[in-house]
Amino acid sequence: MKPSIQKYDIIVIGGGAAGLLCAITAAKRGRNVLILERANKIGKKILMSGGGKCNFTNLYVTSDNFTSRNPHFCKSALSQYTPEDFIKMVDEAKIDYEIRKNDQFFCVHTSKDILNMLIHLCEKSDIKIMTHANITDIEYCKNNSRYLLACDTDNGNKHFSCNSIVVASGGLSIPSLGGSGYAYDVARQFQIPLIETRAGLAPFTFSDYLKPICERLSGLSLPIEIECNGKAFLDDMLFTHRGLSGPSVLQISSYWNLGDTISVNLLPDMSMTKDLIDEKVNNRNILLRTYLSRFIPKALVKELELLLWKEQSELTLDQWSNKQLEDIGNIINHWVLKPSGTEGYRTAEVTLGGVSTDYISSKTMEVKGQSGLYFIGEALDVSGQLGGFNFQWAWASGYCAGLFA
């Protein structure tokens, strides 16, 4: 006896931000849509994002906010669905939000507001959502240009057919929230090349002299500027038991490669060489640590003293040569560090790399030469900076696929 086959126009694999908006957009066109989600509930990353307040977009979004082997690929989707488009949806749902620094949009109350809005729109459009759905097989039937899917569910093995499959299953980041490499498995099946993946927006770890310093300073945060490979970010840095984190560090990690050094400017608004020499002239009897503690947390100054001027710790500035002060000033404005790695996918907010955009239509997200197969969101080799950009890519790429699938 042949298994019964449930027929849909579109099956969206993954119930995250990109998949949900794709399904909603397609359903508005009258398409019959099924969402298959491997986890026990949809939208897990939405719920945890932004510290539970969901940084759902940014007022100013350009291609410069993204990394990709093809930096132009994201432009079409971002122009088709803008931050204003999603903000309008949020306004219509009467969700309270606020604009924080760097033009980031957050919910005032909870991330649940965004997820509940998307769920409501799915229900309104009769979109079927199935959780605990583990796809075991995908087959493309050339004779009728339809796809057949086999899927293990709580109610046994199910079989589906559809005209279009949209792969929105994300990347490898935060596996505890459902991150997996399933999208890459589908890409390999259909012979779509992959760009090597690695963790992005992830904290740095250290194995050298800095590790015990980070352990002692764990929890300490301060504003800094950080640079690597021609990119620089000005924001807070946080010491952790394992290394360095905070917004500036997460940002630069997406531009760092194993073996690279990073440069940390502890006082980006000051030229420390000049200021130290000036202070030597104007306030000769002050200790170096006393002066620096006006601008840098005392605990960090103590660690720097042990590291850089332990033998001169009790010398007043007039006992220092200008060359010695210049050396200290240069380190404070240009502290070169070499991470041993990042914390990896366990805490990474995004996966760098993924499905090669060379084989995807930038207008529709459909695979070139494979009718009815689409990839959207984090599955693709498009990764945003911190600040709502990855959500905007999810909304935009999902919308484009939803218009054409």
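One table, with the values for the structure above:
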{"item": "Reachable aspartates and glutamates, given that their alpha-carbon falls under 19 Å from the alpha-carbon of Lys75 and they are not under 8 places away in the same chain", "result": "Asp64, Glu84, Asp85, Asp358, Glu366, Glu378, Asp381"}
{"item": "Filtered GluC sites (Glu not before Pro), segment 263-345: DSSP coil and at most 10 other beta carbons within 10 Å", "result": "Glu311, Glu314"}
{"item": "Within a Gaussian network of the chain (alpha carbon springs, distance under 10 Å), most fluctuating of Gln312, Gln392, Gln104", "result": "Gln312"}
{"item": "Those aspartates and glutamates that a straight Cα-Cα span of less than 18 Å connects to Lys124, excepting residues fewer than 8 apart in one chain", "result": "Asp9, Asp91, Glu92, Asp113"}
{"item": "Exceeding the 20 Å Cα-Cα cut-off - candidates Lys44/Lys94; Lys211/Lys231; Lys231/Lys338; Lys7/Lys28; Lys7/Lys142; Lys28/Lys368", "result": "Lys44/Lys94; Lys211/Lys231; Lys28/Lys368"}
{"item": "Of every Cα-Cα pair in segment 126-270, the percent that sits beyond 26 Å", "result": "48 percent"}
{"item": "Rounded to 5, percent antiparallel among DSSP beta bridges of the chain", "result": "75 percent"}
{"item": "Least to most buried among Lys128, Lys323, Lys53, Lys45 (fewest other Cβ within 10 Å first)", "result": "Lys323, Lys128, Lys53, Lys45"}
{"item": "For segment 28-163, the Rg and Dmax computed from alpha carbons only, in angstrom", "result": "18.2, 54"}
{"item": "Relative contact order (%) - criterion: Cα under 8 Å, at least six apart; region: segment 203-342", "result": "31 percent"}
{"item": "Rg and Dmax of segment 349-405, Cα atoms only, in Å", "result": "11.1, 35"}
{"item": "Cα gyration tensor, segment 173-236 - rounded (a/c under 1.5), prolate or oblate", "result": "prolate"}
{"item": "The chain: most fluctuating residue of Thr82, Thr316, Thr67 per GNM, C-alpha cutoff 10 Å", "result": "Thr316"}
{"item": "Reachable lysines from Lys41, criterion Cα separation under 16 angstrom, eight or more residues apart if same chain", "result": "Lys112, Lys128"}
{"item": "Alpha-carbon Rg/Rh ratio, for segment 231-293, with Rh computed the Kirkwood way", "result": "1.11"}
{"item": "Expected 222 nm ellipticity per residue - DSSP helices of 4 or more, -39500 (n - 2.57), all of the chain, to 500", "result": "-9500 deg cm²/dmol"}
{"item": "log10 of Debye I(q)/I(0), alpha-carbon scatterers only, for segment 203-342 at 0.09, 0.10, 0.19 Å⁻¹", "result": "-0.27, -0.33, -1.10"}
{"item": "Spatial separation of Cα centroids for segment 47-121 and segment 1-29, in angstrom", "result": "23 Å"}
{"item": "Highest-fluctuation residue, Asn333, Asn143, Asn229 considered, GNM on the chain with Cα pairs under 10 Å", "result": "Asn143"}
{"item": "Equivalent ellipsoid dimensions for the chain as semi-axes, Å, which come from the Cα gyration tensor, largest first", "result": "50, 20, 18"}
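Each reported figure results from applying straightforward, stated rules to the coordinates on display, with no laboratory input. As the structure is a prediction and not an experimental result, all values here were calculated from the model. Heads up, the Cβs are rebuilt from the backbone with ideal geometry, glycines too, and the neighbour counts pull from every protein chain shown.
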